Each structure stands twice: as structure tokens, then as C-alpha cells.
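Written out below as C-alpha cells is the structure these notes cover.
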Amino acid sequence: MQPQALRLSRITISNLRSIQRETFPLSDFTALIGYNNAGKTNILMGIRWLLANFSLDISYFDDPNHPVEAEGLFEGITEQVLNRLGEEKAAEVEPFLSGTTLRVKKVQRIPGELPGNIEFWAFCPPNGKRKGKDWVRVNDKFTAAFNRMFPESIAIWDFEGNQAYTKLMHEIFKPLERKFGGELSQVIEQFTELLSPGSDCQAEEIKAFDKEVNSALRPLFPSVRVELDIPVPTLETFLKSATIKVVDEDDGFERDISRMGAGSQRAIQMALIRYLAEIKKHHNNHYLSRKLLLIDSPELFLHPQAVELVRVALKNLSNEGYQVIFATHSAQMVTSEDVSTSLLIRKNRERGTFMRKRMEDAVRQVVKDAPSQLQMLFSLSNSNELLFADYVLLTEGKTEWRVLPALFERITGQSFALIKCALVRQGGVSNTRKSMQVLSAMDIPVRAIVDLDYAFTTATRDGFLSANDPDITECRNLFRELACHNHLRLVNGLPVNKHSNISASTAYAMMASMPEAERPIRNIHNKLCEQGIWVWTRGAIEEHLGLNGKNEMVWRNFIERSKSKNFVQTLPDYDGIEALCQWIINGSRGQF
């Protein structure tokens, strides 16, 4: 059985730039998705600051009169982790553990405060050994133990300069440090004796320096003496100072990577990420420490094939001892496997930067039984485009999914992307109500387009229409009339496919074409429209568009035809399609 992985499972950030106060749940592989200036990088900065030792200047304070705070919930601190941490360090951490979880927070009260004055606190659970206080300001020993489990993150974004390269190089060459660190230490010990103040073997030149400089200083400042302090290097020091030279293979011209263009720098950064993922395969470093990898727009400047390679590399790293959190604008960086735990980041004047409810949490809220939760997640997660939209349009059939984007653009002159609408195809209409509830729980406006049969078979069950609705009853009577004159089989008053010469979809279209059906179907249509559901009044979309099939060739020919000048005259129901397009636009504005 694989041990529980260490990770930062939740962070609450307060007063950090656009983040007034918001909590963000995190997984092993978390995508932060939002438009430009939504505050995604501020979230990454809050995580980085929690795990590092540096001060924030005034530009990071939303309100300079209040402190910046970052509170993290860390999980996976098992007995195995504590045993490997060592008795002394484990003793510092254990009083603050609640099971395998630990809460810490960092508080900076004054912009530009000295790093040593920034407060670091740990939460003491009610049954802890330290009584009397919920939060305790911890000492350096606790901080050292905490940093052993959760070391400083690796941050890759534009303003980090060469720091990202050096941190990646250090991670890549850690095996070298383990292999030769001992030998280097022996060599360094010899130099330490030569360089250290007070050593019997201190170099004569250093002794002379101290003597002569203090002799010159004494007349100026009698009560003070100075000593030369030369830091002793380690292998880590050498690796952290490493850089990368880029050589043009055509002319042999060599330059430092910092002098390369932004696209070249990002490509080399992501190449190092891919290489790190390769050498960390099967590393399984989930026992003692977990390093966070924070990346702003990993897809930046990369072509589509390269984006996929980087996504796979980051996903692999999330399984090999790293927790990966990244901000992205690309649907390609998020597959269906990770849609449910991705964070939709938005910003407005009232709330600042905030997060919509995760799909995983929204599904759990709406759907109570676990097997159905998985089914619903699978159904919605197959369309990661909905994460990049402010408005979702659910469709029942593949025809709508294929032709509506071109049709909408032809009729309105706008694209779904322009109104920030995602067209999401459902596997069937049985999930329509739950899908709408899940997306509403995520605070995403949602509408649905369904065939006419939905009104009779599912809308009553889902509570959108009454089972005794008079318009439904009137249409059922029309089906009985059709059955008397055609080889049409009814079950519970509705057409079915089995043992019938006429398909159910054809039967609905036949009923909808009867003059007596126009008024009740229009009433049904209006009732559902008011609840965010558009029902095709002629049976299905094909009847409204004049399509004679449901296959790729038919759809492709229709899309090509939509580009012609006289296209609108060829539509059997142009008025209905125009009304649909306006209804879609109204949905993006929150109107019915």
C-alpha cells in the first residue's frame, strides 16, 4: 500500500494584492484557470511566500493598514514521515498535529518588514500538549523541522529571472550532491582550517590581513575589531550558482540564457522540466519531503505539441515527489482527468480575486450517491472548455455540437468564444437537471438545448414540468390520434422505437407538424425557456435546419453552406433559429 502523500491541501490568503481573503483547495496537480489579471499569479506568490523567507514590499499589500497572511493546511504527515524526520525534529512538530494534518500561518504586519520579524504560527489542536492557545508562535527549531518536510518552492514565472534555472539545476543534480558530497566535504574541511578565524592552521595572509586592518582601525574606532569571514562553499553552493550557456549551432555564437528571447528562455525552462521528470521516474519521494513546483503559464510561447509534452512532464512530476500548481490559459494543459480539481479563478470589484467551487466539490454537493458522482464527473469532465468559460450551453445531440458554432456566428456575427460560452455535449438528457445544478453550484451560468421528447419523458421527472401539465396532456392525445392512422406504437401514451414501424424521433416530428400541436408545444417551449432549457418545437434540430441525416458529411456540407450569401433563405425555420441565437446571447447576460 502506497503511503499517503505529503502535500499542501489548502491555503487561505488574505490582503495579498487582489486577494482580499480567499481559500483555495489544492491537489497534487492543480491548474489555476482564469482570464488575464484575475489574480492567478498572486495565488502562486502567496504559496511561495508561505514556504520561503523573504519580506513583501508595499506593492503586495491590498490594504497597508492590515497584515498580509497566508495560512496553509498540510496533510500526509504520517508516522513514517516523523520517523524519518528524526526524534528531535519530530518532537517539535508532533504537538501541533491533528491526525496527519498540520496548520501553519505566516503574518507580515508592515510592508518591507525584516524577514526575521515576520511571524510564523502553528495551530495547536484542542487535544494537543500545549494548552491555553489555539495558535502558537513557533521557534526556529519548529521552522527547521517544517522546512525539512516542505522546503522552499521552485517558482517559474517571468520576473524570477535566473532563479528558476538555478533551482531546477539544483534539483536535477541532487544525485551528484549525494554521490560526491562527502568527498567534497573532506576537501572543504582543509580549506576551512585555512580560512576560519582562530584556527591553528589559518593562512598567514589572513592573519596578516586581520592584524594590519585592525591596527589601522584602532585609532579611528578603538572599541571595535574586525575579522575576515570567508563563507565555506558546498556542492549546493556551486550548483546554485550554475547557469546555462546557449550556443548557436550554425555560427557557434555563445550567449548567456538571460540574453535570449522570452520564447527561447521558456522553451529551455520547460526542457529542464521534462528532463527533471525523466530522471525522477519511480523516485516516489512521498515519505519525508514534498517540494512545490509553481509555474505561471507553462504553455507560454510553446507550439501545441510542446504544450502536451510539458503537461505530461508536469503530471509525472506530481507523481514523483513534487506538488505541481500552475496558472494557465490553455485548455490543452488540463485533460478530463484533472478538470474536476482545477480551480476557476475570477475577480470582481466587490470580492477581488475569488474561486468558483471546484467541479469535484459541486458534484459531491448535488449528487449524493458515490457511483452517480463518478458518472457525473466523467460526463462533465470530458469538456475541459467549460473551465475557460463564463457561461455553459449544454446540448443533447452531436448535431448541435457540430453545427451550432458556425450557425451562431453566421446569424449573429459573434462567436461562442466572444461571449465566453462553452458548448458542452452531454451523453444524454437524463443528466440535464443534475448537470445544470452542478454548474450552478460552481457559479457558472448554464442553459440547455434538448429535443422535444425531453419535455415528455424527462422534464416532468426532473420537476421542470408538471406530470399533469395540460399542454403535455393535449399532445399525448395527438399521439393517440397518430397511432390510429399509422403503424405507431405507444407505451404509456408516448412513442417508442421497439416494435414500431416509425421511429420515436419521427413520431415526435410528425406530431409537432400537426396544426393542433402548435399552441401546446409553444406553451411547453416557453415554460422550459423560462427555466433555461430550449426545446426544439419541431422535434429535433434537423427539422429546423433541413438536415437529412446525422453524420459527418451532412454536418460538413451544412457548415460550408452556411458561408453562402443566400444561406438564411434555405433554412426551414429561420425565425426559430434567430430566436435561439438571441436566447443564447441573453443567457450570457444573465437574462431570459
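Of note:
- Qualifying residues in the range 159-213 (those that are of a type in the set (Gly, Ala, Ser) and at pLDDT below 70) - the one nearest to ILE244 (Cα to Cα): GLY161
- Considering the conditions (1) buried (at least 22 other Cβ atoms within 10 Å of the Cβ); (2) without any contact (Cβ under 8 Å) to a residue 60 or more places away in the chain, ARG425 is excluded by exactly one of them, (1).
- Some residue of the range 554-562 being out of contact with any Pro (no Cβ under 6 Å at 6 or more places or on another chain), in a loop (DSSP other than H, G, I, E, B), in the same structural domain as PHE456 (by TED's automatic domain parsing) and modelled with pLDDT under 95: yes
- Here MET355 qualifies as within 30 Å of ARG17 (Cα to Cα), aliphatic (A, V, I, L, M) and outside the structural domain of ASN526 (by TED's automatic domain parsing).
- Subset of the range 382-415 that is over 18 Å from ARG433 (Cβ atoms) and of a type in the set (S, T, N, Q) - its residue that is farthest from the chain's Cα centre (by Cα): THR412
Okay, residues lined up against (1) within 48 Å of the chain's Cα centre (by Cα); (2) assigned by TED's automatic domain parsing to the domain that holds SER430; (3) closer than 15 Å to ARG538 by Cα:
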| position | (1), (2), (3) |
| --- | --- |
| ASP462 | yes, yes, no |
| ASN492 | yes, yes, no |
| VAL496 | yes, yes, no |
| HIS499 | no, yes, no |
| MET511 | yes, yes, yes |
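- Residue match in the range 23-30 (condition: out of contact with any His (no Cβ under 7 Å at 6 or more places or on another chain), of a type outside the set (Val, Ile, Thr), under 16 Å from ARG351 (Cα atoms) and buried (at least 20 other Cβ atoms within 10 Å of the Cβ)): yes
- Residue that is modelled with the lowest pLDDT [pool: residues in the range 301-340 that are in a helix (DSSP H, G or I) and acidic (Asp, Glu)]: GLU337
- Residues located in the range 433-461, provided they are buried (at least 18 other Cβ atoms within 10 Å of the Cβ) and among the charged types (D, E, K, R): ARG433, LYS434, ARG447, ASP451, ASP453
- Candidate set: the range 506-522, residues that are in a helix (DSSP H, G or I) and small (Gly, Ala, Ser); chosen: the one surrounded by the most Cβ atoms within 10 Å (Cβ to Cβ): ALA507
- Any hit, the range 496-505, residues being within 21 Å of THR473 (Cβ to Cβ), among the β-branched types (Val, Ile, Thr) and crowded, with 16+ Cβ neighbours inside 10 Å: no
- The one condition from (1) of a type outside the set (S, T, N, Q); (2) over 24 Å from ASN548 (Cα atoms); (3) without any contact (Cβ under 8 Å) to a residue 12 or more places away in the chain that LYS498 does not meet is (2).
- Across the range 95-112, the qualifying residues are those that are among the hydroxyl-bearing types (Ser, Thr, Tyr) and outside any loop (DSSP other than H, G, I, E, B), and the one among them that is nearest to CYS124 (Cα to Cα) is SER98.
- Applying a threshold of 6 Å to beta carbon distances and a minimum spacing of six or more residues, or different chains, the list of pairs starting in the range 163-181 at a residue that is of a type in the set (Asp, Glu) and ending at one that is modelled with pLDDT of 70 or more reads GLU171/LEU276.
- Count of residues meeting criterion [of a type in the set (Ser, Thr, Tyr) and either more than 12 Å from the chain's Cα centre (by Cα) or over 19 Å from PRO304 (Cα atoms) (or both)] in the range 320-335: 1
- Test for ASN551: is it under 28 Å from VAL446 (Cβ atoms), free of Cβ contacts under 8 Å to residues at least 12 places away in the same chain and either in the same structural domain as LYS420 (by TED's automatic domain parsing) or surrounded by fewer than 17 Cβ atoms within 10 Å (Cβ to Cβ) (or both): no
- When the range 111-126 is filtered for residues that are surrounded by fewer than 19 Cβ atoms within 10 Å (Cβ to Cβ) and free of Cβ contacts under 8 Å to residues at least 24 places away in the same chain, the ones remaining, listed by number, are GLY116, ASN117, GLU119, PHE120, PRO126.
- Residues being farther than 27 Å from LEU393 by Cα, of a type in the set (A, V, I, L, M, F, W, C) and not in a helix (DSSP H, G or I) - total across the range 432-488: 1
- Taking each residue of the range 511-533 that is more than 18 Å from TRP583 (Cα to Cα) and at pLDDT 95 or above and looking for partners that are of a type in the set (D, E, K, R) and not in a helix (DSSP H, G or I) with beta-carbon atoms closer than 7 Å, six or more apart or interchain, yields ALA512/ARG538.
- Of note, TRP583 satisfies the criterion of being in contact with a Phe, Trp or Tyr (Cβ under 9 Å, 6 or more places away or on another chain) and closer than 17 Å to LEU407 by Cβ.
Results for (1) basic (Lys, Arg); (2) crowded, with 21+ Cβ neighbours inside 10 Å, shown as yes or no for each residue.
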| site | (1), (2) |
| --- | --- |
| LYS357 | yes, no |
| LEU377 | no, no |
| LEU386 | no, yes |
| ALA389 | no, yes |
| ILE411 | no, no |
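The values are calculated or read from the model by the stated rules, or taken from the named source; none is laboratory data. Fair warning: this is a prediction, and the values are worked out from it, not measured in the lab. Here Cβ is always computed from backbone atoms with ideal geometry, including for glycine, and neighbour counts include all displayed protein chains.
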